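Participant: The structure's right below; bear with me while I get my questions together.
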Amino acid sequence: MSAGLFFSQQAGPTRNCLILDNARIFGGVAKRNEFVVDGHRLFAPQASVHFQPPYPNSFLEGVYDAMGLDWNAFKSYQKWQGPSPEISLPRSAYGHGTIDGKPATGFFFGAKYGHKPGIWITDPWGKKLEGTPFSETTRREMLALHGEQAVRAPLVYDYPGDAVSRQLDSMTLEDYLIRTYRASRETIRLLVAGESSGGFGLGPDALSGFLYYEWSKVIPTVDDSMATGIQMFPGGNSGMIRLLVKTLIPESLEGPRTMEAVWKNPVNFSALDRTGQRVRLRLDSTAVRVEHLGEPDKSEFVSVTYTNGGRLFRVKAKTVVMAGGGWMTKNVVRDLDGTRHKSYEQFNYSPYMTANVAVRNWRFLYNLGISSAEWFEGFGRYVNVRKSATFGVDSPTIGPDLPTVLTFFVDFAKPGLPARTQGQLGRAELLSTSFADYERQIRQQMTDMFAASGFDAKRDIAGIVLNRFGHAFINPQPGFFFGLDGQPAARDALRNGPFGRIAFSHSDLAGAMDHRNAFLESKRAVSQLLDQVLT
Ligand SMILES: Cc1cc2nc3c(=O)[nH]c(=O)nc-3n(C[C@H](O)[C@H](O)[C@H](O)COP(=O)(O)OP(=O)(O)OC[C@H]3O[C@@H](n4cnc5c(N)ncnc54)[C@H](O)[C@@H]3O)c2cc1C
């Protein structure tokens, strides 16, 4: 979608752009779920959650400004309601609340740790893990990994591509963490795997050591902290996509281009793909065959065949940005040369599932003195209650007796196996498990954890939506960023120039799935076509 924005900004008034998207609604992984519970309209992200304020006058600020993102809208989040003492809630589906200045979060230990019924340790980090069933050594290592003791990272790079960053990229993140924190592999797999799987689908055993720094250094933002920086549309980054679509096609969403109208108003599907528009968005259209008409470096056009409503259609394009992800691009670009095809073959992906569970109240959490929970067995690993920006919801307040959506993030990591195998096994599991099985697992997990504090699955769960992504995250293995043994990185062949009239985008090429990387990769791809092809 951002490739469409950059093209429409840069290509001049005579060039048109057709965006094909195979889904019935735009957004990719930045889509939203909606529930109506006891009269309240609630939103939750299908995947992509939050974003950070950019530096003034930065590339990122320019993109947000162009799509009409109004920062003032994030000055007002829901206020606490009710007689119970307030838990100050986070603004994101990650992060925890605080009560009386202390973290309102807890660890649960059940049958796996010999506790039936299970036990809760609230504010576990504040208690230095006292009372948890972990051994003394594991606790010490966990505290170190959690940043409770300052460490001096042994390798700090100056700029991406220097000798130190290459050294980092030559080892696994797990080995680097062992070296940095003097923690055992087992403890890292217990603790960090859950954290890194939120951004990569896998634990650090299969990922490049360069990722220790990837997000913080490559795309600087003013404030990355959960407490003061991070912002979230009520249903995640689908808010940005709606703004983008509204900007590209003004009649696509009813009403003005304000945050509230764009978030709340229905999509006008008939406006997306009208003859004569400079930018047209064709949904439910899967590109199945993309190839140059003739030799890639001599051809005048690219032929794009796509399916829509069970029929095949073909369009001729002067240039194409393939922005759908390498697992698809390598199969759909039929005349792709051997080098680029081999490059994409080195990309590994992991599956992921986001289960949004709408509950009529969250008093069962509140009764424990918490608004977020973490556990080490069974379905999922973590869940929290968040407050929403008020422009996007109908209730300006939140409290333990009001409905909310709990978002469970579920990874399929199989630590110790090669990244590709982990992805394949996980995908098979994700796609072969029925909704009924997952529903049972969710109800069981919540009953095990919360029945003693008042949860009743039948009464309290109002709805469940499972969002299954077969290729949710790129898993950059050692060598992904800078190559190994003097060889270039595989992604260089795809990023350093277009292939004939086709350029490659998607956040997978950045090695870290993030909407900022999606923008950067699209900017590069569009610029390559404008500078080198459409001259
Ligand atoms: C669980 C989860 C949580 C995340 N949380 C965050 C977060 O908090 N903040 C953040 O910045 N990022 C987050 N991300 C990542 C981030 O949202 C993505 O990296 C980014 O949105 C990806 O954008 P993209 O355009 O590169 O790809 P995608 O979103 O994958 O978009 C690709 C599009 O191409 C379409 N497509 C694919 N193949 C075809 C075809 N053959 N024909 C036509 N169309 C096709 C798809 O339907 C899709 O619309 C998260 C991701 C996940 C999975």
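The values are calculated or read from the model by the stated rules, or taken from the named source; none is laboratory data. All values derive from a computational prediction rather than experimental measurement. Methodologically, a virtual Cβ is constructed for each residue, glycine included, from the backbone with ideal geometry; neighbour enumeration extends over all protein chains shown. Areas reflect the complete protein model, heavy atoms only, side chains present, ligands, DNA and RNA absent. Shrake-Rupley method; radii C 1.70, N 1.55, O 1.52, S 1.80 Å.
Participant: Please work out which one of (1) within 23 Å of the chain's Cα centre (by Cα); (2) open to solvent by 50 Å² or more (accessible area, probe 1.4 Å) is the condition residue 447 fails and give its number.
Facilitator: If we test residue 447 against (1) within 23 Å of the chain's Cα centre (by Cα); (2) open to solvent by 50 Å² or more (accessible area, probe 1.4 Å), just (1) comes out false.
Participant: Quick one: in segment 162-174, of everything that is in contact (Cβ under 8 Å) with a residue 12 or more places away in the chain and not in a helix (DSSP H, G or I), which residue is farthest from residue 486 (Cα to Cα)?
Facilitator: Out of the qualifying residues, it is 172.
Per-residue answers, yes or no, for (1) touching a residue at least 40 places away in the same chain (Cβ under 8 Å); (2) in a loop (DSSP other than H, G, I, E, B); (3) open to solvent by 20 Å² or more (accessible area, probe 1.4 Å); (4) on the phi < 0 side of the Ramachandran plot:
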{"position": "65", "(1), (2), (3), (4)": "no, no, yes, yes"}
{"position": "85", "(1), (2), (3), (4)": "no, yes, yes, yes"}
{"position": "91", "(1), (2), (3), (4)": "yes, yes, yes, yes"}
{"position": "106", "(1), (2), (3), (4)": "yes, no, no, yes"}
{"position": "117", "(1), (2), (3), (4)": "yes, yes, yes, yes"}
{"position": "126", "(1), (2), (3), (4)": "no, yes, yes, yes"}
{"position": "130", "(1), (2), (3), (4)": "no, yes, yes, yes"}
{"position": "142", "(1), (2), (3), (4)": "yes, no, no, yes"}
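Participant: Mind counting the residues in segment 395-415 that are open to solvent by 20 Å² or more (accessible area, probe 1.4 Å) and either part of a strand (DSSP E or B) or within 14 Å of the ligand (Cβ to nearest atom) (or both)?
Facilitator: Qualifying residue count, segment 395-415: 3.
Participant: Does residue 533 satisfy the condition of being open to solvent by 10 Å² or more (accessible area, probe 1.4 Å), away from the ligand (no atom under 16 Å from the Cβ) and either free of Cβ contacts under 8 Å to residues at least 24 places away in the same chain or aliphatic (A, V, I, L, M) (or both)?
Facilitator: Answer is yes for this residue.
Participant: Any residue at all in segment 300-313 that is modelled with pLDDT of 95 or more, loosely packed, with under 15 Cβ neighbours inside 10 Å and under 21 Å from residue 5 (Cβ atoms)?
Facilitator: Checked against the condition, which is being modelled with pLDDT of 95 or more, loosely packed, with under 15 Cβ neighbours inside 10 Å and under 21 Å from residue 5 (Cβ atoms), segment 300-313 yields no hits at all.
Participant: Still on this structure: Taking the criterion of being farther than 29 Å from residue 253 by Cα and open to solvent by less than 70 Å² (accessible area, probe 1.4 Å), would at least one residue in segment 281-291 satisfy it?
Facilitator: Yes - at least one qualifying residue is present in segment 281-291.
Participant: If we keep just the residues of segment 175-208 that are within 16 Å of the ligand (Cβ to nearest atom) and outside any loop (DSSP other than H, G, I, E, B), which is most open to solvent (accessible area, probe 1.4 Å)?
Facilitator: 195
Participant: Something else: Looking at (1) farther than 30 Å from residue 523 by Cα; (2) away from the ligand (no atom under 16 Å from the Cβ), which is the one condition that is false for residue 95?
Facilitator: Going through (1) farther than 30 Å from residue 523 by Cα; (2) away from the ligand (no atom under 16 Å from the Cβ) one by one, residue 95 breaks only (2).
Participant: Now, a different point. Output the residues belonging to segment 370-385 that are open to solvent by 10 Å² or more (accessible area, probe 1.4 Å) and not aromatic (Phe, Trp, Tyr).
Facilitator: Listed by number, the residues that qualify are 374, 377, 378, 380, 381.
Participant: Oh, and also: Out of 461, 502, report the one residue that is in contact with a His (Cβ under 8 Å, 6 or more places away or on another chain) and of a type in the set (A, V, I, L, M).
Facilitator: Answer to the selection: 502.
Participant: For segment 211-233, give me the residue count where each residue is modelled with pLDDT of 95 or more and away from the ligand (no atom under 14 Å from the Cβ).
Facilitator: 0
Participant: Give the residue that is nearest to residue 274 (Cα to Cα), with candidates limited to residues of segment 235-258 that are within 14 Å of the ligand (Cβ to nearest atom) and part of a loop (DSSP other than H, G, I, E, B).
Facilitator: Once the filter is applied, the top-ranked residue is 237.
Participant: Same structure, new question: Return yes or no: is residue 243 surrounded by 20 or more Cβ atoms within 10 Å (Cβ to Cβ) and either farther than 28 Å from residue 389 by Cβ or in contact with a Leu (Cβ under 7 Å, 6 or more places away or on another chain) (or both)?
Facilitator: It is true that residue 243 is surrounded by 20 or more Cβ atoms within 10 Å (Cβ to Cβ) and either farther than 28 Å from residue 389 by Cβ or in contact with a Leu (Cβ under 7 Å, 6 or more places away or on another chain) (or both).
Participant: Here's another thing I want to ask about it. Of everything in segment 418-430, what is of a type outside the set (Asp, Glu), over 17 Å from residue 345 (Cα atoms) and open to solvent by 70 Å² or more (accessible area, probe 1.4 Å)? Give them in sequence order.
Facilitator: 425
Participant: Please count how many residues of segment 516-530 are buried (at least 24 other Cβ atoms within 10 Å of the Cβ), of a type outside the set (Gly, Ala, Ser) and within 20 Å of the chain's Cα centre (by Cα).
Facilitator: Qualifying residue count for the region: 2.
Participant: Checking residue 374 against (1) in a strand (DSSP E or B); (2) over 24 Å from residue 114 (Cα atoms), which single condition isn't satisfied?
Facilitator: (2)
Participant: Let me ask something additional. Just to be sure before I move on: is residue 391 modelled with pLDDT of 95 or more, out of contact with any strand residue (DSSP E or B) (no Cβ under 7 Å at 6 or more places or on another chain) and surrounded by 18 or more Cβ atoms within 10 Å (Cβ to Cβ) in the structure I sent?
Facilitator: In short, yes.
Participant: Going through 356, 367, 361 one at a time, which residue ends up being open to solvent by less than 20 Å² (accessible area, probe 1.4 Å) and in contact (Cβ under 8 Å) with a residue 12 or more places away in the chain?
Facilitator: One residue alone meets the criteria, 356.
Quick grid of which residues meet (1) in a loop (DSSP other than H, G, I, E, B); (2) closer than 18 Å to residue 497 by Cβ:
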| residue | (1), (2) |
| --- | --- |
| 306 | no, no |
| 314 | no, no |
| 330 | no, yes |
| 335 | yes, yes |
| 341 | no, yes |
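Participant: Which ranges mark the helices (runs of 4 or more DSSP H) fully within segment 416-529 that have 1 or more residues being within 16 Å of the ligand (Cβ to nearest atom), without any contact (Cβ under 8 Å) to a residue 40 or more places away in the chain and over 23 Å from residue 25 (Cα atoms)?
Facilitator: Qualifying helices (runs of 4 or more DSSP H): 492-495.
Participant: Please go through segment 1-49 and give me each residue that is in a loop (DSSP other than H, G, I, E, B), more than 7 Å from the ligand (Cβ to nearest atom) and within 30 Å of residue 359 (Cα to Cα), ordered by number.
Facilitator: Of everything in segment 1-49, those that are in a loop (DSSP other than H, G, I, E, B), more than 7 Å from the ligand (Cβ to nearest atom) and within 30 Å of residue 359 (Cα to Cα) turn out to be 24, 25, 31, 38, 39, 46.
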